[in-house]
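I have placed the structure first, in the form of structure tokens, so that the comments after it can refer back to it.
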Amino acid sequence: MSTPTRPPNIAVLPGDGIGTEVLEQGLRVLGAIAPDVTTEHFDFGAERYLRDGTTLPDSALDRFRNEFDCIYLGALGDPRVPSNVHAKDILLGSRFKLDLYINFRPVRLLDARYCPLKDKRPEDVDFVVFRENTEGLYTGIGGQFKRDTADEIAIEQEINTRKGVERIIRAAFQWAHENGKTRVCMSDKANAMRHGHDLWQRVFRSVANEYPGIKPSHLYVDVLTMRMVQTPEDFEVIVTNNLFGDIVTDLGAAIQGGIGLAASGNLHPGKVGLYEPVHGSAPDIAGRGIANPFAAILTVGMMLGQLGRPADERRIGDAVGRCLIAGRVTRELGGNLTSSEAGSAVLDAMSA
């Protein structure tokens, strides 16, 4: 969300499995549309962890903060690391230690044929989700007592702070204000989780009063998921907590045509952001050259848009849309292109 005064410098963490394959295509598109951008690759992932136990050292985080405008991250996960400790340290470590409190997920249908919902058009599926990214149930606070016995107790605690709740809600309203949107929906489960989510309710009402041109609304998360399927056209901006945001954004990905089309940004205005396609590392198809690179390519577009290059973001999105309409897609979407051929198809569409 910041605009550098010099050509952007991007840290690249290729990830595991198909992460390395699809990021390669994203970097091809980045090089074609923004040749002034510089990149530096970092050797963090399963291979590095298996080699010497390194996940994400603090020295790397210091470099990310001080030397880079963005981090471009591939999918993480490898069956040779059953605990996936490296993935947790790299992804969650980056989110928490860099304080990337906004998980920003656009849900935009580019071609109606790929939407599983009946009679929905691109104009019906076009909203964004602001997911709180540093609190909630993903902080790892809790414990286990009498582990592996019949009397075992496991406790997971949800953390909601006034600061954390207010800044994600304010970010959602501010984005709506800056982008000509008139509706913000907050989703929680205050009828069952009355302490933490009462805080969400009170803060939402307070912040909404500061934006009189934007209509606030509230839905419990179970109702929200139903409405996203029934009437996605009702939504422009959704804001919710970490756990619920994780779930509803994947539902949104399915509505827009599949997780292979889902880009995301982990953001803190004015600081380095981390951008990633949200699909997994898919070790079962890694190395076969058939993974869909469109999410990785759309993530490049989002990254450029946040760096003050919205025309480049639109150009990339339009090119991917033209590929979808023309059926120039990988087998996941019913086509027969390889990952590299799909990347070439986007480059061709950008040049048309």
For a quick check of your reading of the filter: which GluC sites (Glu not before Pro) in the stretch 188-249 sit in a DSSP loop and have no more than 12 other Cβ atoms within 10 Å? 210
Relative intensity, log₁₀ I(q)/I(0), of the stretch 215-352 from a Debye sum that treats every alpha carbon as a point, q = 0.14, 0.17, 0.19, 0.21 Å⁻¹: -0.76, -1.06, -1.22, -1.33
In 10 Å bins starting at zero, report the fraction of Cα pairs in the chain per bin as a rounded %. 5, 24, 33, 26, 10, 1, 0
Out of all DSSP beta bridges with both ends in the chain, state the antiparallel percent to the nearest 5. 40
Can you list the residues, at least 5 places off or on another chain, whose amide H is less than 5 Å from the amide H of residue 239, using H built in the peptide plane? 130, 185, 186, 187
Is the shape of the stretch 111-257 best called rounded, prolate or oblate, per the rule: a/c under 1.5 gives rounded, else a/b larger than b/c gives prolate, else oblate, with a ≥ b ≥ c the square roots of the Cα gyration tensor eigenvalues? oblate
Direction-averaged shadow area of the convex hull around the Cα atoms of the stretch 97-165, nm²? 8.7
Roughly how many whole Å is it from the C-alpha centroid of the stretch 187-243 to that of the stretch 59-115? 25
Formal net charge of residues neighbouring residue 125 (Cβ-Cβ distance under 10 Å; K, R +1; D, E -1): -1
So, over other residues within a Cβ distance under 13 Å of residue 11, counting Lys, Arg +1 and Asp, Glu -1, the net charge is -4
Taking the Cβ of residue 327 as the center, what net charge do the other residues with Cβ under 12 Å away carry, scoring Lys and Arg +1 and Asp and Glu -1? +3
For the chain, set up a Gaussian network in which alpha carbons nearer than 10 Å are linked by springs, and say which option among 266, 209, 241 fluctuates the most. 209
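Each value in this text was obtained by applying a stated rule to the coordinates, not by laboratory testing. Everything numeric in this text was worked out from a predicted model, so none of it was measured. Positions of Cβ are backbone-derived with ideal geometry, glycine not excepted, and every protein chain shown enters the neighbour counts.
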